[in-house]
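Please read the structure below before turning to the comments.
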Amino acid sequence: MSKTAANKKAWEQAYEHRNYETAALLDRLCTEKDAYLHEVLKDALREERLNGKRIVHFFCNNGRELLSICKNMNAVGTGYDIAENMVADANAMAKTLGLDANFIAEDIQKIDTTGEKADLLLITVGSLGWIKDLDAIFKKAYDILKPGARMLIFEIHPVSNMLAASGEDNFNASYPYLIVNNYFEKKEWISDAGMPYMSTLDKSLPFYDYSYTLSDLFTSILKQGFILSAFNEFEDDAGAVLNLKQSGIPLSMLIKAKRA
């Protein structure tokens, strides 16, 4: 079994044992303006003036961010995720909310980009660490966009990989800011810890993720032909993995790039 197929099974298992009710998620989308959108991401999206524009979200999970964008910013959305049960819920919620959004269960590295092109490509927190081949992802991003359209990435900062999270073998609760991992080491991480950010499982099917440096990331983006227009760093632990506040360490980042 490939690592991608293994991750698909682990995500689908975790989602079957998710630690929240889908009805509560739907209620929040119905009643709360800009639900599930981080302040940094919300501000960046407002600047894009998405009214009537087509936005594609890679690694969309159960669609909650994209549904919030379509509802509150009047965008037309397409989301891609490999987990079939997440995508099924996303399509069901889009229908209930009456939104112009559809979701497709597919490996991002294999999606068809020959159809209608998008005005904005979105990648959000907790996505790129699952991908070993960044070039393949950004090639698909480039191909799915209109000329002059933008890619927006709000993600966990690679520097955070130098720190340990609670539950990891090298975590020290007395010194949570301690650097314990080599920033430059290209490492494949394997875990069966149950994805506690999403599920109630203590032990799960094995899943794989990967580390990369900022130079890896920018080189891959630029190699496809993107023009970098902005890069901002934040102390905020947007992934809620390390639970650090006012750390003085860049834990999240916002990247804006334009397709040539």
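A few notes on this one:
- Residue that is surrounded by the fewest Cβ atoms within 10 Å (Cβ to Cβ) [pool: residues in the stretch 216-231 that are in contact (Cβ under 8 Å) with a residue 40 or more places away in the chain and not basic (Lys, Arg)]: SER229
- Given (1) in contact (Cβ under 8 Å) with a residue 24 or more places away in the chain; (2) surrounded by 12 or more Cβ atoms within 10 Å (Cβ to Cβ), number of the condition LYS42 does not satisfy: (1)
- With respect to being surrounded by fewer than 19 Cβ atoms within 10 Å (Cβ to Cβ), polar (S, T, N, Q) and part of a helix (DSSP H, G or I), ASN72 fits the description.
- Taking the conditions (1) under 25 Å from ASP143 (Cα atoms); (2) part of a loop (DSSP other than H, G, I, E, B) in turn, LYS8 satisfies each one other than (2).
- Any hit, the stretch 163-183, residues being within 27 Å of GLY225 (Cα to Cα), touching a helix residue (DSSP H, G or I) at 6+ places or on another chain (Cβ under 9 Å) and of a type outside the set (Gly, Ala, Ser): yes
- For the stretch 45-69, taking the residues that are out of contact with any strand residue (DSSP E or B) (no Cβ under 9 Å at 6 or more places or on another chain) and part of a loop (DSSP other than H, G, I, E, B), the one that is surrounded by the most Cβ atoms within 10 Å (Cβ to Cβ) is identified as ARG49.
- Condition check for ASP100: in contact with a helix residue (DSSP H, G or I) (Cβ under 8 Å, 6 or more places away or on another chain), of a type outside the set (A, V, I, L, M) and farther than 22 Å from LYS8 by Cβ: yes
Read the figures in this text as sums done on the coordinates, not as results from a lab. No experiment lies behind these values; they were computed from the predicted model shown. Every residue, glycine as well, gets a Cβ built from its backbone with ideal geometry; the counts of neighbours run over all protein chains shown.
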